[in-house]
Structures are given as C-alpha cells and as structure tokens.
Amino acid sequence: MSDPTKHVLLIEDNPGDADLIRMRLIESRDPVQVSRVERLSEGLEFLEQEAPSVVLLDLNLPDSQGADTFRKVLAKAPDVPVVILSGQDDEGLARKALHQGVQDYLVKSDFCHGELDHAMRHAIERQALLRSLEISRKQQLEFKNQFLSHVSHELRTPLTCIHQFATILLDGLAGEVNGEQREHLSTILRSANQLGAMVRDLLEATRAEAGKIRLDLRCLTIDDVLGTSGAMMKVAAREKRVRLQVSTEAGIPFVLGDSDRILEVLINLIDNAIKFTPPEGAVAVRAARMRSDPDFVGITVSDTGPGITPEARHLIFERLYQDPHAVDNSRKGLGLGLFIARELVTLHGGKIWVASEPGSGAAFTFTLPLYSLARPLSPVLIHDGRLREAVVLVKVNLWRRSRAARVNWKEACARTLDRLQRCVYLDKDLVLPPMAGFGPEQTFFVVGSTDLTRAEIMMARIRGQIEMLPELKGSCEVEISAAAVSLTDLPGSGSTEAKSLEAQVAAVAQRVTEMARAAMASSAKSNCSQGVPEHRTEPLRAQLTPE
Amino acid sequence: MASTPKILIVDDDPDLRQAMRLRLRANHYDTVNASDGYSAIAQAYKEHPDLIILDLGLPAGDGFVVLERLQRDDKLSTIPVIVLTASDPESTEQSVFDAGASAFFQKPADNTELLEVIRATLFRDIESNSLPS
C-alpha cells in the first residue's frame with residue numbers, strides 16, 4: 001500500500017467546529033494532514049489545484065448555503081469522496097445529498113469517539129469501489145460492442161457466399177433451372193437476405209449504443225423520402241393484399257435530416273405495419289407539420305392491425321422486444337428494429353411514440369426538426385456572448401461536364417461535401433446542409449467566422465481538397481468564390497439594443513438562407529446563358545465592414 | 001484496353017473468388033485471381049488488368065497495403081480499384097477512398113449495382129483518358 005497519510009480538505013467557517021473536528025482527526029488510525037478553508041470559493045479553488053483523499057464539508061458557509069454547497073463541490077471534483085458535517089439533523093437533505101453522490105452525512109453534535117475516522121475511511125473505500133465498478137462497466141460494454149462487431153463481420157463472408165451462389169444459380173449462369181428448383185433457390189436467397197438484415201441490425205444497434213452513428217444532415221423535402229419508402233414497400237404490401245397509402249400535407253416545409261436514416265426508420269415502421277395488418281387492411285403514411293410544436297414535422301405510419309396493449313406500448317421500443325401474440329406466421333426478427341428507429345430519431349433531435357387501442361390498429365409517429373440554420377449557425381456567429389461583426393460566405397459550385405460523370409455524380413457531390421467538412425474548423429465554420437437534391441449543378445456554401453486571411457487559406461484548402469477528388473477529375477467544373485457578409489447592418493440589429501441574441505442569430509440565419517438561395521438561382525441562370533469556364537476562382541471581393 | 005476488359009479479383013476466400021469469376025465471365029469480362037496482398041501486386045504487374053476488385057482483409061499485406069503499393073507505382077496507379085469487403089462502411093469507407101479506391105461495396109453487394117459501377121468505371125476511364133487536359 002502507498003503512503004497511508006490522508007489528505008483532508010476541511011471546508012468549515014466556524015473556528016470552534018473546526019478545532020473540534022481537528023481534535024477528532026488526531027485520534028485517527030492513519031496519519032492525517034488537514035487543509036482548512038472558510039469559504040466555498042476557496043474550497044473550489046483548492047480542488048482545482050489538488051485532489052485530497054476526502055472533503056469534509058460544512059453546508060452553511062458565508063458564500064453558499066444548503067444543497068447548493070455540496071452540488072458545487074461534487075461538480076468540481078466528482079472523484080473525491082465528500083462527507084458532509086452538518087449543524088442540523090435533516091433527514092431529507094441527507095437523503096438528497098447521498099442520492100447526488102455525497103458519501104456520508106454526519107451531524108456535528110453527535111460525533112462520538114472514532115466515528116469521524118470510520119466515516120472518513122469508509123467514504124474513501126466506497127468511492128474507490130464505485131470508481132472501479134464504473135471502469136469495469138465501461139470495459140465490459142466496450143468488450144461487448146467489439147465482440148458483436150467482430151461476430152457480425154465474420155458472419156458476412158459465408159453469408160455472401162450463400163447469396164452469390166444462389167444468385168448464380170437463379171440467373172442461370174450454371175445451366176437451366178426448372179420451376180421447382182427456382183422456387184427453392186428463391187427461398188434460400190430470401191433467408192440469406194433475412195440473415196443479412198439481422199446482421200446489419202445487430203451491428204447498427206451496437207453502433208447506436210456506442211454512440212457511433214453519424215448523421216449526414218441535409219435540407220430535405222420529406223415527400224421525396226416518403227415517396228421512396230412507398231415505392232420500396234409497394235411489393236410487400238401487394239403480396240399481403242394490404243393497401244398502402246402515402247400522403248403529405250400541402251406546403252410542408254423542408255426538414256433537416258439524413259435521408260438514408262429516415263428511410264431506414266420509415267421502412268422499418270411500414271414493414272411492421274404490413275406484417276401486423278390482416279389482408280384487405282390498410283397502411284397509411286402521412287407527414288404533416290406538428291400542431292403542438294411547429295418547429296417539427298411529424299410522420300405517422302398507421303395500420304388496421306390488432307393494435308398494441310398498453311403494457312406493450314412501454315416496452316416496444318426496447319431492445320429484443322418481440323410481440324408474444326404476433327398472429328402473423330412470418331419469421332420473427334431480432335427485435336431490434338424499433339430500438340434502432342428510436343435511436344435514429346433521437347439522433348435527429350426528434351421523438352417517436354405509438355398510439356393504439358387494442359383492436360383498432362396502431363399509429364407510430366416520429367418527428368423531425370425543420371430545416372433552420374439558426375441552431376447550427378449560432379456557434380459560428382456568436383463570439384464572447386455577442387454577435388460578430390462579419391462572417392465570410394464561401395460558395396463552391398460544381399457542374400457535371402460529361403456523360404460518363406453522370407453515374408458517379410451523386411457520389412462526387414457527396415464526396416465534395418465531405419471534403420468541405422474537412423477544410424473547416426468545426427466550432428468556427430459551418431458547411432451549410434445542401435439546399436436541394438443533386439441536380440446537374442450543385443452549390444455548396446460554407447459560413448466561416450473568419451478574417452480575410454483565414455478565408456484565403458480556407459479557399460486554398462478547399463481548392464486543393466476538391467481537385468484531388470478522383471470522382472471529379474475530368475468530369476466536373478469547379479468554381480470557388482467568397483464574399484464577406486456584414487452582420488452589423490442587419491435590419492434592426494444595431495438600433496434595438498434590447499433585441500435578444502437569439503433573435504439576432506435567427507435574423508442572420510434567415511438572411512444567409514436567402515443569400516444562398518439567391519446565389520444558387522443566379523448561378524443557374526448565368527450557367528444557361530454563357531456556358532461554363534473551367535476551374536474559375538474568384539478573389540475575395542467584398543469588404544469585411546459595411547460601406 | 002483490349003476488346004474484353006480484364007479484371008483482377010483479389011479475395012482470400014476461394015468460394016467468393018469463384019463466385020465473382022462466374023459472375024464476371026457471364027458478363028463478358030476476362031478475369032485473373034489473387035488470394036493475398038503479395039500476389040495481388042505480382043498479378044497486377046504481370047497481367048496489367050483494366051480494373052481490380054479488392055477485398056480488405058487479406059493475408060500477406062491487407063487491402064490498404066495493396067492500395068498504397070498500387071498508388072506508388074506509376075504503371076499501376078492508373079488502374080481503378082473497387083473495394084469489396086465485409087468491413088463496416090462507417091469505419092472504412094472514407095479511408096478506402098483516401099487510399100485511392102474509386103468505389104466501395106460492402107459484402108454481400110447487389111450484383112446489378114456492382115456490375116453497373118464496374119461498367120461505368122471502365123467507361124469513365126476511356127473517356128477521361130481521351131480528353132485533352
């Protein structure tokens with residue numbers, strides 16, 4: 001064992017009490033070294049510099065009272081055991097303190113011989129135990145995730161083999177196949193695909209749990225995503241003789257989301273709905289702006305199935321949940337679908353829930369945030385609690401040149417966006433989520449909280465990164481330009497001092513969106529009329545300050 | 001390019017190599033094989049394929065080593081590489097592109113899509129080589 005000396009930080013303003021405690025500490029089994037401060041602020045300062053073995057804490061100090069006192073100490077030094085030495089016997093406060101991580105609550109007048117020493121040593125032991133439990137819990141979680149990820153990886157090779165040879169036979173590459181053989185081969189292929197989906201779910205759930213899912217957020221028209229999901233599920237619905245209807249409220253605004261992930265959630269919900277709906281029933285998918293929260297769009301998948309019992313409604317989004325009364329005789333999955341759906345929706349900042357009465361169908365609803373630049377822009381626009389004077393708007397334009405480029409165009413755009421992300425500082429700049437789907441021309445915008453020098457560097461990096469892309473080589477035109485945008489001449493920004501920072505950010509976000517839209521429209525126009533120069537780079541032209 | 005494009009299949013699993021060979025030959029491609037990183041490079045030198053389909057988990061130099069060796073060699077760096085792997089795209093797709101690959105597929109890949117990308121990659125190469133630049 002290392003040095004047995006206990007370093008005690010005593011935070012106590014009453015000199016009489018402090019002396020009493022010191023005397024008690026002299027009786028301790030191990031040598032004790034006491035540092036005493038009178039105010040909480042001094043205590044917190046001490047904890048900033050050093051890590052004592054234990055903190056003995058009086059709650060009523062000149063600069064802090066009651067529960068606030070221990071909360072601040074716990075927040076400052078979460079790993080140091082804290083023992084409260086209080087003037088009054090308050091069971092309610094004691095319980096609250098223990099729940100929040102304090103190790104013990106002693107009443108000063110009640111100390112008897114050796115008690116403080118015991119309490120202190122046990123507090124240190126308990127805290128050490130808690131820490132090692134927490135560490136081993138994290139290690140186990142990490143091990144479990146690694147294990148699952150390894151297993152799902154290894155399952156893929158034999159799975160691929162089954163898939164490949166089944167399709168080789170089905171496609172007649174190894175000779176003619178008769179009707180019955182074709183049917184059996186289709187069963188093999190379908191089962192292999194199910195197994196593949198389970199492996200994917202397993203990996204996805206593991207990733208979600210480890211917080212490793214990254215979203216590729218875009219400005220989306222939700223009808224497109226709904227339309228794709230409807231097209232993908234059409235066959236499954238028809239086979240079961242279930243009517244599948246997809247609709248969107250007129251004038252629905254853009255949402256901010258990852259279309260692949262949203263599609264994953266939708267497919268999952270629609271697949272479940274079809275599975276639980278009897279033949280001749282109906283599944284409806286509908287998107288509408290939320291009345292209860294206009295910053296969100298709600299997407300509802302409803303069915304005419306048996307519905308969900310109130311007990312199951314709470315469990316249904318948990319991992320490995322499977323409906324014990326599933327009437328359908330199709331194969332069960334792993335019970336990860338709704339768990340993954342909930343994780344994905346939560347990552348988007350939305351919510352998912354189900355409304356159902358047994359016997360009259362179920363309606364799953366999930367919400368997605370509207371496309372608004374205010375939230376992602378605020379760290380870029382605000383500096384030292386104030387709006388910056390100016391930002392730089394960098395515009396990167398791509399045009400598809402050759403016919404051959406068409407196949408990889410989407411990929412090229414996605415990769416360009418990805419490269420842009422790497423050219424910026426995440427806390428200072430923002431690559432705007434693309435405004436539209438990938439057309440033959442695509443414009444990307446970067447808002448940088450920057451001066452002209454750094455903007456030049458940023459542009460050079462962008463140019464370098466994008467020209468390196470093999471997808472763009474010889475098949476695309478690139479134009480990069482930048483302009484400074486003054487934030488001080490916004491309507492009402494300077495004049496009304498009282499205008500909240502939030503409102504100012506919202507105003508700037510609105511304006512940036514308008515500028516980006518306008519720039520996109522004008523470049524599309526000039527493109528039509530005069531053709532496109534190759535690799536054109538415009539110098540920075542606007543001033544950082546308004547004229 | 002010869003009239004029939006030649007594709008080098010690199011995979012350590014013999015069954016998967018055979019499946020890929022059958023699939024590509026049925027689509028009128030010539031194929032050659034390699035089962036590890038070392039022989040992949042040797043085959044690339046010897047056979048001069050028009051395209052390489054590369055697995056990542058390989059003995060004797062994994063897929064990344066192969067990509068790096070190909071990139072370093074003037075004669076080989078122009079051969080497009082399609083990576084076909086059991087690895088998770090979240091963790092590997094980006095580094096595969098950074099290492100110079102032109103496409104990424106996770107196993108099991110959709111045959112139609114894979115064949116389309118193979119076709120487009122070979123086709124794109126003809127077009128961009130003939131462009132003055």
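What follows is calculated from the coordinates using simple rules that are stated; it is not laboratory data. All of these numbers come straight from a predicted model, not from anything done at the bench. So basically every Cβ, Gly included, is an ideal-geometry build from the backbone, and we count neighbours across all protein chains shown.
Neighbour counting of Cβ atoms within 10 Å sorts the residues A:Val151, A:Val37, fewest neighbours leading, into A:Val151, A:Val37.
FRET efficiency for B:Asp98 and A:Lys138, Cβ-Cβ distance as r, R0 = 30 Å, nearest 0.05? Here the calculated transfer efficiency is 0.45. Using the Karplus relation 6.51 cos²θ - 1.76 cosθ + 1.60 with θ = phi - 60°, the per-residue 3J(HN,Hα) values for region A:232-249 come to 5, 9, 4, 5, 4, 5, 5, 4, 8, 6, 10, 7, 10, 10, 10, 8, 10, 4 Hz, with x marking Gly and Pro. In a simple Cβ point-charge model (Lys, Arg +1; Asp, Glu -1; nothing else charged), region A:64-189 has a dipole of about 420 debye relative to its Cα centre.
Relative to the compact-globule estimate of 2.2 N^0.38 Å, the Cα radius of gyration of region A:238-323 comes out at 1.21.
Per the Cα gyration tensor, the protein assembly as shown maps to an equivalent ellipsoid with semi-axes of 54, 36, 31 Å, ordered largest to smallest. Between A:His99 and A:Asp418, what's the calculated FRET efficiency when r is the beta-carbon distance and R0 is 60 Å? Round to 0.05. The computed FRET efficiency comes out at 0.85.
Using a Gaussian network model of chain B in which every pair of alpha carbons under 10 angstrom is joined by a spring, one finds that among B:Thr112, B:Thr92, B:Thr121 the greatest mean-square fluctuation is at B:Thr112. Which one of B:Gly37, B:Pro5, B:Thr85 has its Cα pushed farthest toward the positive end of the charge dipole of the protein assembly as shown, where Lys and Arg give +1 and Asp and Glu give -1 at the Cβ? About the Cα centre, the residue reaching furthest to the positive side is B:Pro5.
The residue among A:Leu159, A:Gly175, A:Phe147 whose Cα reaches farthest toward the positive pole of the charge dipole of region A:146-228, with charges on the beta-carbon of Lys, Arg, Asp and Glu, is A:Phe147.
Where the alpha-carbon atoms of region A:99-244 are placed on the principal axes, they occupy 93, 39, 29 Å, in descending order. Within region A:167-252, all pairs of alpha-carbon atoms sorted by distance into 5 Å bins from zero give the percentages 3, 10, 10, 12, 16, 18, 14, 9, 6, 3, 1.
Neighbour counting of Cβ atoms within 10 Å sorts the residues A:Leu44, A:Leu130, fewest neighbours leading, into A:Leu130, A:Leu44.
With contacts taken as Cα pairs under 8 Å and at least 6 residues apart, region A:7-141 reaches a relative contact order of 23 percent. Think of region A:98-144 as a dipole: +1 on every Lys or Arg Cβ, -1 on every Asp or Glu Cβ, centred on the Cα centre; then among A:Ala119, A:Val107, A:Leu133, A:Leu133 lies furthest on the positive end. The Cα atoms of region A:81-160 define a convex hull whose projected area, averaged across directions, is 7.1 nm².
Per the Debye formula on identical point scatterers at the alpha carbon atoms of region A:1-124, with no solvent, log10 I(q)/I(0) at q = 0.10, 0.20, 0.22 Å⁻¹ is -0.26, -1.15, -1.44.
DSSP finds beta bridges in chain A, and of those with both partners inside it, around 65 percent are antiparallel.
Here chain B is assigned +1 on the Cβ of each Lys and Arg and -1 on the Cβ of each Asp and Glu. Its dipole about the Cα centre then comes out at about 520 debye.
Averaged over the residues of B:87-93, the number of partner chain Cβ atoms lying within 10 Å of the residue Cβ comes to 3.
Charged neighbours of A:Ala51, selected by a Cβ distance under 12 Å, balance to -2 (K, R count +1; D, E count -1). For region A:1-65, a Kirkwood radius taken over Cα pairs fed into Stokes-Einstein (20 °C, viscosity 1.002 mPa s) yields D = 174 µm²/s.
Relative contact order of chain A: 9 percent, from C-alpha pairs under 8 Å at least 6 residues apart in sequence.
Dipole magnitude for chain A: computed about the Cα centre from +1 point charges on Lys and Arg Cβ and -1 point charges on Asp and Glu Cβ, it is near 2260 debye. Counting only Cα atoms, region A:250-299 measures 36, 23, 18 Å along its principal axes, largest extent leading. The ranking of B:Met20, A:Met290 from fewest to most other beta carbons within 10 Å of each one's beta carbon is A:Met290, B:Met20.
Judged by the gyration tensor of its Cα atoms, with axes a ≥ b ≥ c, chain B is rounded; a/c sits under the 1.5 cut.
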